[in-house]
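> Can you read through this structure? Questions will come right after.
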Amino acid sequence: MTNLEIAPQQEVCPPASPNGTPGPCLQLWPEREVPLGGVRAMNVKRTLPQRGLPTIGAWCFLDSFGPDRTAMSVLPHPHIGLQTVTWPLAGHIRHRDSVGSDVVVRPGELNIMTAGHGVSHSEFAVLPPAGAEMPVQRGLQLWVALPDQHRHRQPAFEQHRALPVASGEGFTATVMVGEFAGAVSPATMYSPIVGADVSCEGDGVLPLDPRFEHGILVLDGGLAVDGQDLPAGPLGYLGTGRSELPIQALPGTRFLLIGGEPFGEELLMWWNFVGRTHDEVEQARDEWEAQTGLSDADTAAARYGLVRGHGPDAGAEAGRIPAPPLPGVRLTPRKRAVD
Ligand code: MN
(Lines give C-alpha, C1' and ligand atoms only; values in the text may rest on other atoms or scores of the structure.)
Protein backbone atom coordinates (compact mmCIF):
# COMPACT_ATOMS: atom_id res chain seq x y z
CA MET A 1 0.00 0.00 0.00
CA THR A 2 0.97 3.60 -0.29
CA ASN A 3 0.70 6.77 1.64
CA LEU A 4 -1.86 8.42 -0.63
CA GLU A 5 -2.12 11.61 1.37
CA ILE A 6 -2.53 14.49 -1.02
CA ALA A 7 -0.40 16.86 1.06
CA PRO A 8 1.71 14.69 3.35
CA GLN A 9 3.50 16.44 6.15
CA GLN A 10 7.20 15.95 6.57
CA GLU A 11 7.81 14.19 9.78
CA VAL A 12 11.13 14.31 11.59
CA CYS A 13 11.24 11.48 14.03
CA PRO A 14 13.81 12.04 16.75
CA PRO A 15 15.89 9.11 17.94
CA ALA A 16 14.66 7.11 20.85
CA SER A 17 17.07 6.38 23.64
CA PRO A 18 16.58 3.84 26.42
CA ASN A 19 16.53 6.81 28.80
CA GLY A 20 13.89 8.45 26.64
CA THR A 21 11.31 5.72 27.06
CA PRO A 22 9.09 5.66 30.12
CA GLY A 23 9.38 2.07 31.26
CA PRO A 24 6.16 0.12 31.68
CA CYS A 25 3.10 2.24 30.92
CA LEU A 26 -0.17 2.11 29.02
CA GLN A 27 -0.96 5.06 26.79
CA LEU A 28 -3.81 5.11 24.26
CA TRP A 29 -2.90 6.88 21.02
CA PRO A 30 -6.01 7.52 18.90
CA GLU A 31 -6.46 6.26 15.38
CA ARG A 32 -7.07 8.91 12.77
CA GLU A 33 -8.80 8.83 9.43
CA VAL A 34 -6.37 9.98 6.78
CA PRO A 35 -7.77 11.84 3.78
CA LEU A 36 -6.72 9.76 0.82
CA GLY A 37 -6.61 10.60 -2.86
CA GLY A 38 -7.44 8.32 -5.74
CA VAL A 39 -10.64 7.37 -7.46
CA ARG A 40 -11.55 4.62 -5.01
CA ALA A 41 -10.19 5.86 -1.72
CA MET A 42 -10.08 3.25 0.98
CA ASN A 43 -11.14 3.55 4.58
CA VAL A 44 -7.72 3.83 6.19
CA LYS A 45 -7.11 4.39 9.89
CA ARG A 46 -3.56 5.37 10.90
CA THR A 47 -2.12 4.74 14.33
CA LEU A 48 1.60 5.26 13.55
CA PRO A 49 3.37 7.62 13.32
CA GLN A 50 1.80 9.77 16.01
CA ARG A 51 2.70 13.28 16.98
CA GLY A 52 4.76 12.41 20.05
CA LEU A 53 5.14 8.71 19.21
CA PRO A 54 6.91 8.40 15.86
CA THR A 55 8.08 4.80 16.23
CA ILE A 56 7.72 1.65 18.31
CA GLY A 57 11.03 -0.14 17.85
CA ALA A 58 11.69 0.22 14.13
CA TRP A 59 7.94 0.13 13.33
CA CYS A 60 7.22 3.55 11.84
CA PHE A 61 3.83 3.27 10.10
CA LEU A 62 0.63 1.37 10.83
CA ASP A 63 -2.48 1.60 8.68
CA SER A 64 -5.64 -0.48 9.00
CA PHE A 65 -8.13 -0.76 6.16
CA GLY A 66 -11.65 -2.18 6.13
CA PRO A 67 -13.62 -4.15 6.88
CA ASP A 68 -15.54 -3.06 3.82
CA ARG A 69 -16.05 -4.06 0.20
CA THR A 70 -13.79 -1.42 -1.31
CA ALA A 71 -11.34 -2.97 -3.75
CA MET A 72 -7.76 -1.88 -3.16
CA SER A 73 -6.39 -0.33 -6.34
CA VAL A 74 -2.94 1.13 -5.79
CA LEU A 75 -0.86 1.86 -8.88
CA PRO A 76 2.96 1.72 -8.88
CA HIS A 77 4.62 4.03 -6.38
CA PRO A 78 8.12 4.19 -4.89
CA HIS A 79 9.63 3.50 -1.49
CA ILE A 80 13.07 4.01 0.06
CA GLY A 81 14.63 3.18 3.39
CA LEU A 82 11.91 0.88 4.75
CA GLN A 83 10.33 -2.55 4.65
CA THR A 84 6.62 -2.86 3.93
CA VAL A 85 4.81 -5.55 5.91
CA THR A 86 1.43 -6.55 4.45
CA TRP A 87 -0.90 -8.67 6.58
CA PRO A 88 -4.35 -9.31 5.06
CA LEU A 89 -7.17 -10.18 7.46
CA ALA A 90 -9.84 -10.69 4.77
CA GLY A 91 -9.56 -10.63 0.99
CA HIS A 92 -6.72 -11.41 -1.38
CA ILE A 93 -4.22 -8.85 -2.70
CA ARG A 94 -2.13 -9.10 -5.84
CA HIS A 95 1.33 -7.58 -5.33
CA ARG A 96 3.67 -6.74 -8.21
CA ASP A 97 7.02 -5.02 -7.80
CA SER A 98 10.16 -3.87 -9.58
CA VAL A 99 12.23 -6.83 -8.41
CA GLY A 100 9.96 -9.04 -10.53
CA SER A 101 7.48 -10.31 -7.95
CA ASP A 102 3.90 -11.03 -9.00
CA VAL A 103 2.14 -12.80 -6.15
CA VAL A 104 -1.21 -13.01 -4.37
CA VAL A 105 -1.14 -12.68 -0.59
CA ARG A 106 -3.97 -14.13 1.53
CA PRO A 107 -4.94 -14.03 5.20
CA GLY A 108 -2.31 -15.86 7.23
CA GLU A 109 0.39 -15.05 4.69
CA LEU A 110 2.98 -12.29 4.96
CA ASN A 111 4.46 -10.07 2.29
CA ILE A 112 7.68 -8.26 3.15
CA MET A 113 9.21 -5.88 0.65
CA THR A 114 12.57 -4.35 1.46
CA ALA A 115 12.85 -1.04 -0.36
CA GLY A 116 16.48 -0.30 0.44
CA HIS A 117 17.80 2.25 -2.07
CA GLY A 118 14.61 2.16 -4.11
CA VAL A 119 11.75 -0.06 -5.20
CA SER A 120 8.30 0.38 -6.70
CA HIS A 121 5.20 -1.76 -6.41
CA SER A 122 1.46 -2.00 -7.05
CA GLU A 123 -1.30 -3.62 -5.00
CA PHE A 124 -4.75 -4.61 -6.23
CA ALA A 125 -7.55 -6.53 -4.60
CA VAL A 126 -8.23 -9.82 -6.34
CA LEU A 127 -11.66 -9.25 -7.87
CA PRO A 128 -14.49 -11.81 -7.70
CA PRO A 129 -15.93 -13.49 -10.80
CA ALA A 130 -18.05 -11.22 -12.97
CA GLY A 131 -21.41 -10.55 -11.35
CA ALA A 132 -20.33 -11.67 -7.88
CA GLU A 133 -20.23 -9.30 -4.94
CA MET A 134 -16.85 -7.98 -3.87
CA PRO A 135 -15.75 -9.96 -0.82
CA VAL A 136 -15.04 -8.11 2.41
CA GLN A 137 -11.57 -6.62 2.49
CA ARG A 138 -9.62 -5.98 5.67
CA GLY A 139 -5.96 -5.78 6.48
CA LEU A 140 -2.95 -4.10 7.96
CA GLN A 141 -0.01 -2.45 6.32
CA LEU A 142 3.04 -1.58 8.37
CA TRP A 143 6.41 -0.08 7.60
CA VAL A 144 9.66 -0.87 9.35
CA ALA A 145 12.47 1.69 9.17
CA LEU A 146 15.77 0.24 7.99
CA PRO A 147 18.78 1.12 10.17
CA ASP A 148 21.45 3.23 8.54
CA GLN A 149 23.79 0.37 7.67
CA HIS A 150 21.02 -1.40 5.71
CA ARG A 151 18.92 1.36 4.26
CA HIS A 152 20.83 1.67 0.98
CA ARG A 153 20.81 -2.05 0.20
CA GLN A 154 19.37 -3.62 -2.93
CA PRO A 155 15.58 -4.05 -2.89
CA ALA A 156 14.14 -7.48 -2.17
CA PHE A 157 10.81 -9.21 -1.68
CA GLU A 158 9.75 -12.20 0.41
CA GLN A 159 6.44 -13.97 0.79
CA HIS A 160 5.93 -16.33 3.72
CA ARG A 161 2.91 -18.58 3.30
CA ALA A 162 3.40 -20.58 6.49
CA LEU A 163 4.37 -18.80 9.69
CA PRO A 164 5.10 -20.32 13.10
CA VAL A 165 2.38 -20.38 15.72
CA ALA A 166 3.28 -19.89 19.38
CA SER A 167 1.05 -20.64 22.32
CA GLY A 168 1.23 -19.93 26.01
CA GLU A 169 -0.84 -18.93 28.98
CA GLY A 170 -4.23 -17.99 27.55
CA PHE A 171 -3.08 -17.15 24.02
CA THR A 172 -2.03 -18.39 20.61
CA ALA A 173 -0.04 -16.20 18.24
CA THR A 174 1.06 -16.24 14.63
CA VAL A 175 4.58 -14.83 14.61
CA MET A 176 4.89 -12.46 11.67
CA VAL A 177 8.41 -11.13 12.31
CA GLY A 178 11.03 -11.70 14.94
CA GLU A 179 10.60 -14.10 17.88
CA PHE A 180 7.65 -14.44 20.21
CA ALA A 181 6.96 -17.04 22.92
CA GLY A 182 9.69 -19.28 21.56
CA ALA A 183 8.61 -19.25 17.90
CA VAL A 184 10.77 -17.52 15.29
CA SER A 185 9.50 -16.04 12.04
CA PRO A 186 11.54 -16.77 8.91
CA ALA A 187 11.11 -13.17 7.70
CA THR A 188 14.35 -11.27 7.06
CA MET A 189 14.50 -8.21 9.31
CA TYR A 190 17.31 -5.78 10.09
CA SER A 191 16.75 -4.67 13.69
CA PRO A 192 15.63 -6.33 16.95
CA ILE A 193 11.89 -6.49 16.39
CA VAL A 194 8.71 -8.48 16.95
CA GLY A 195 5.31 -8.59 15.30
CA ALA A 196 2.60 -11.12 16.13
CA ASP A 197 -1.12 -11.66 15.51
CA VAL A 198 -2.43 -12.83 18.88
CA SER A 199 -5.72 -14.49 19.80
CA CYS A 200 -6.80 -14.85 23.42
CA GLU A 201 -9.77 -15.27 25.70
CA GLY A 202 -10.03 -14.70 29.40
CA ASP A 203 -6.87 -14.28 31.45
CA GLY A 204 -3.52 -14.60 29.78
CA VAL A 205 0.12 -13.68 30.20
CA LEU A 206 2.27 -12.65 27.24
CA PRO A 207 6.04 -13.13 27.49
CA LEU A 208 7.84 -9.98 26.34
CA ASP A 209 11.45 -8.88 25.84
CA PRO A 210 12.04 -6.21 28.50
CA ARG A 211 14.57 -4.42 26.26
CA PHE A 212 11.79 -3.77 23.74
CA GLU A 213 9.07 -1.18 23.73
CA HIS A 214 5.71 -2.64 22.64
CA GLY A 215 2.37 -1.62 21.25
CA ILE A 216 -0.97 -3.38 20.86
CA LEU A 217 -3.68 -2.71 18.29
CA VAL A 218 -6.88 -4.55 19.16
CA LEU A 219 -8.55 -5.95 16.03
CA ASP A 220 -11.52 -7.79 17.55
CA GLY A 221 -12.89 -7.93 21.07
CA GLY A 222 -11.05 -5.99 23.74
CA LEU A 223 -8.47 -6.21 26.49
CA ALA A 224 -7.73 -4.93 29.93
CA VAL A 225 -4.06 -4.18 30.71
CA ASP A 226 -2.85 -2.81 34.05
CA GLY A 227 -6.50 -2.48 35.04
CA GLN A 228 -7.23 -0.16 32.09
CA ASP A 229 -9.41 -0.94 29.10
CA LEU A 230 -7.65 -1.27 25.76
CA PRO A 231 -10.50 -1.32 23.21
CA ALA A 232 -10.43 -1.70 19.45
CA GLY A 233 -9.39 1.55 17.77
CA PRO A 234 -6.50 3.26 19.51
CA LEU A 235 -2.93 1.99 19.62
CA GLY A 236 -1.93 0.99 23.12
CA TYR A 237 1.68 1.92 23.89
CA LEU A 238 3.16 -0.28 26.61
CA GLY A 239 6.63 1.25 27.04
CA THR A 240 9.76 -0.76 27.79
CA GLY A 241 10.85 -2.93 30.69
CA ARG A 242 8.10 -5.53 30.68
CA SER A 243 9.14 -9.19 30.77
CA GLU A 244 5.53 -10.30 30.86
CA LEU A 245 2.17 -8.72 30.25
CA PRO A 246 -0.87 -10.01 32.14
CA ILE A 247 -4.06 -9.40 30.15
CA GLN A 248 -7.75 -9.96 30.55
CA ALA A 249 -9.47 -10.51 27.22
CA LEU A 250 -13.06 -10.55 26.07
CA PRO A 251 -14.17 -13.67 24.19
CA GLY A 252 -12.93 -13.69 20.61
CA THR A 253 -10.20 -11.12 21.18
CA ARG A 254 -7.55 -10.73 18.52
CA PHE A 255 -4.80 -8.13 18.45
CA LEU A 256 -1.60 -7.08 16.74
CA LEU A 257 1.46 -6.95 18.98
CA ILE A 258 4.42 -4.93 17.72
CA GLY A 259 7.68 -4.14 19.44
CA GLY A 260 11.38 -3.67 19.15
CA GLU A 261 14.43 -2.03 20.62
CA PRO A 262 13.81 1.72 20.74
CA PHE A 263 15.06 3.03 17.39
CA GLY A 264 18.14 5.13 17.98
CA GLU A 265 18.28 7.04 14.70
CA GLU A 266 16.48 10.20 13.66
CA LEU A 267 14.11 9.56 10.77
CA LEU A 268 12.62 11.87 8.24
CA MET A 269 9.44 10.42 6.78
CA TRP A 270 7.66 12.04 3.89
CA TRP A 271 5.13 10.42 1.54
CA ASN A 272 6.48 6.93 0.83
CA PHE A 273 10.05 7.66 1.79
CA VAL A 274 11.95 7.04 5.00
CA GLY A 275 15.22 8.98 4.94
CA ARG A 276 17.36 11.12 7.14
CA THR A 277 17.63 14.53 5.43
CA HIS A 278 15.47 16.91 3.44
CA ASP A 279 17.87 16.79 0.48
CA GLU A 280 17.82 13.02 0.40
CA VAL A 281 14.02 12.90 0.35
CA GLU A 282 13.85 15.64 -2.27
CA GLN A 283 16.22 13.67 -4.49
CA ALA A 284 14.15 10.50 -3.97
CA ARG A 285 11.04 12.40 -5.03
CA ASP A 286 12.75 13.95 -8.07
CA GLU A 287 14.03 10.60 -9.26
CA TRP A 288 10.51 9.10 -9.08
CA GLU A 289 9.09 12.00 -11.05
CA ALA A 290 11.95 11.65 -13.59
CA GLN A 291 10.65 8.15 -14.40
CA THR A 292 7.45 9.64 -15.83
CA GLY A 293 6.90 8.71 -19.45
CA LEU A 294 10.01 6.58 -19.87
CA SER A 295 10.02 3.47 -22.03
CA ASP A 296 9.80 0.15 -20.23
CA ALA A 297 13.53 -0.43 -20.82
CA ASP A 298 14.53 2.96 -19.44
CA THR A 299 12.14 2.54 -16.50
CA ALA A 300 13.65 -0.83 -15.67
CA ALA A 301 17.13 0.76 -15.55
CA ALA A 302 16.06 3.69 -13.35
CA ARG A 303 16.25 3.92 -9.56
CA TYR A 304 12.78 2.53 -8.82
CA GLY A 305 12.67 0.07 -11.70
CA LEU A 306 9.67 -1.20 -13.64
CA VAL A 307 6.58 -2.89 -12.25
CA ARG A 308 5.71 -5.17 -15.15
CA GLY A 309 2.10 -4.88 -16.25
CA HIS A 310 1.98 -1.13 -15.62
CA GLY A 311 4.52 0.26 -18.09
CA PRO A 312 3.79 2.27 -21.23
CA ASP A 313 3.18 -0.96 -23.16
CA ALA A 314 0.73 -2.38 -20.61
CA GLY A 315 -2.47 -0.87 -21.96
CA ALA A 316 -5.41 -0.29 -19.66
CA GLU A 317 -3.55 -1.12 -16.45
CA ALA A 318 -0.73 1.31 -17.16
CA GLY A 319 -0.14 4.08 -14.72
CA ARG A 320 1.73 5.33 -11.71
CA ILE A 321 1.09 7.48 -8.67
CA PRO A 322 2.80 10.85 -9.05
CA ALA A 323 4.59 12.29 -6.04
CA PRO A 324 2.85 15.19 -4.33
CA PRO A 325 4.71 18.49 -4.20
CA LEU A 326 7.15 18.95 -1.36
CA PRO A 327 5.97 21.57 1.11
CA GLY A 328 7.78 24.87 0.87
CA VAL A 329 8.68 24.97 4.54
CA ARG A 330 11.65 23.58 6.40
CA LEU A 331 11.20 20.67 8.70
CA THR A 332 10.02 20.88 12.26
CA PRO A 333 11.47 18.22 14.52
CA ARG A 334 8.93 15.94 16.08
CA LYS A 335 9.61 15.05 19.68
CA ARG A 336 8.83 11.84 21.41
CA ALA A 337 6.41 12.62 24.19
CA VAL A 338 5.74 9.31 25.84
CA ASP A 339 6.61 10.08 29.43
MN1 MN B 1 3.57 0.90 -0.91
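> Which angle between 0 and 90 degrees, to the nearest 10, do you get for helix 278-289 versus the longest principal axis of the chain when only C-alpha atoms count?
It is inclined by approximately 50 degrees.
> Taking the Cα centre of the stretch 206-290 as the origin and placing charges on Cβ (Lys, Arg +1; Asp, Glu -1), which of L268, L238, V281 is farthest toward the positive end of the dipole?
Sorting the options by dipole projection puts first L238.
> Quick one: Karplus J couplings for the stretch 53-67, per residue in order, coefficients 6.51, -1.76, 1.60, θ = phi - 60°, nearest Hz, x for Gly and Pro?
Coupling constants for the stretch 53-67: 9, x, 8, 10, x, 8, 5, 10, 7, 9, 10, 10, 10, x, x Hz.
> Tally up the carbon and sulfur contribution to the accessible surface of the stretch 20-260 as a whole percent, 1.4 Å probe, everything protein left in place.
Working: 4430 of 8490 Å².
Carbon-and-sulfur percentage of accessible area, whole number: 52.
> Which GluC sites (Glu not before Pro) does the stretch 99-208 hold that lie in a coil by DSSP with at most 15 other beta carbons within 10 Å?
Details: sites: E109, E123, E133, E158, E169, E179, E201; in loops: E109, E133, E169.
Taking the stretch 99-208 and a limit of 15 other Cβ atoms within 10 Å, the loop GluC sites (Glu not before Pro) found are E133, E169.
> Would you grab the residues whose amide H sits under 5 Å from the one on H214? Only those 5+ places off in sequence or on another chain, please, with H modelled 1.01 Å from N.
For H214, the qualifying residues are L238, G239.
> ³J(HN,Hα) across the stretch 71-88 via Karplus (A = 6.51, B = -1.76, C = 1.60, θ = phi - 60°), whole Hz, x for Gly/Pro?
7, 4, 8, 10, 6, x, 8, x, 9, 9, x, 9, 10, 8, 10, 10, 9, x
> Still on this model: Please list, in order along the stretch 258-271, the HN-Hα scalar couplings obtained from phi with the Karplus expression 6.51 cos²θ - 1.76 cosθ + 1.60 (θ = phi - 60°), rounded to whole Hz, x for Gly and Pro.
Coupling constants for the stretch 258-271: 10, x, x, 5, x, 7, x, 10, 6, 10, 10, 10, 8, 6 Hz.
> Given the whole protein assembly as supplied and a 1.4 Å probe, what does the accessible area of I216 come to in Å², nearest 10?
For I216, the solvent-accessible surface is approximately 0 Å².
> Whole number please: convex hull volume per residue, Cα atoms of the chain, in Å³.
Details: hull volume 41.9 nm³, N = 339.
For the chain, the hull spanned by Cα atoms encloses 123 Å³ per residue.
> What distance in nm lies between label points placed 7 Å from Cα along the C-beta direction at E289 and R211?
Between E289 and R211, the simple spin-label model gives 4.3 nm.
> Here is a follow-up. May I ask you to derive the FRET efficiency for D229 and L127 from their Cβ-Cβ distance with R0 = 35 Å, giving the value to the nearest 0.05? Working shown, then result.
Numbers: r = 39 Å, r/R0 = 1.11.
For D229 and L127, the calculated efficiency is 0.35.
> What's the extension gain from V104 to E201 if we count 0.36 nm per residue and subtract their Cα-Cα distance?
Values: separation 97, 0.36 × 97 = 34.92 nm, distance 3.13 nm.
Full-extension gain reported as 31.8 nm.
> If you don't mind, another one. If you rank H310, H152 by how much accessible surface each has, with a 1.4 Å probe, what is the order from largest down? Mind dumping the intermediate values first?
On the way: H310 10, H152 110 Å².
Ranked from most to least accessible, the order is H152, H310.
> Averaged per residue, what accessible surface does the stretch 20-260 expose to a 1.4 Å probe, in Å²? If you can, show how the numbers build up before the last one.
Values: 8490 Å² over 241 residues.
Accessible area per residue: 35 Å².
> Out of residues 5 or more away from L48 or on other chains, whose amide H comes under 5 Å of its own, with H placed 1.01 Å from N in the peptide plane?
L62
> To the nearest 20 debye, what is the magnitude of the charge dipole of the stretch 77-203 about its Cα centre, counting +1 on the Cβ of each Lys and Arg and -1 on the Cβ of each Asp and Glu? Mind showing how you got there, number by number?
Working: 7 positive and 12 negative charges, 94 e Å.
Using only the charged Cβ atoms, the result is roughly 440 debye.
> Over the Cα atoms of the stretch 186-274, compute the convex hull volume and normalise it per residue, giving Å³. Spell out each step's value before the answer.
Values: hull volume 11.1 nm³, N = 89.
Once divided by residue count, the hull of the stretch 186-274 is 125 Å³.
> Here is a further query. Per DSSP helix of 4 or more residues, -39500 (n - 2.57); summed, then divided by the residues of the chain. What does that give at 222 nm, rounded to the nearest 500? Can you show the working numbers first?
Details: 2 runs with 18 residues, N = 339.
Result for the chain, helices only: -1500 deg cm²/dmol.
> Shifting gears a bit: Give me the Kirkwood hydrodynamic radius of the stretch 22-143, using the inverse of the mean 1/r over all pairs of distinct Cα atoms, in Å to one decimal.
15.6
The values are calculated or read from the model by the stated rules, or taken from the named source; none is laboratory data. Predicted, not measured: the structure shown is a model, and the values here were computed from it. Here Cβ is always computed from backbone atoms with ideal geometry, including for glycine, and neighbour counts include all displayed protein chains. Side chains are part of the model used for accessible areas, which takes the heavy atoms of the whole protein and leaves out ligands, DNA and RNA. Shrake-Rupley method; radii C 1.70, N 1.55, O 1.52, S 1.80 Å.
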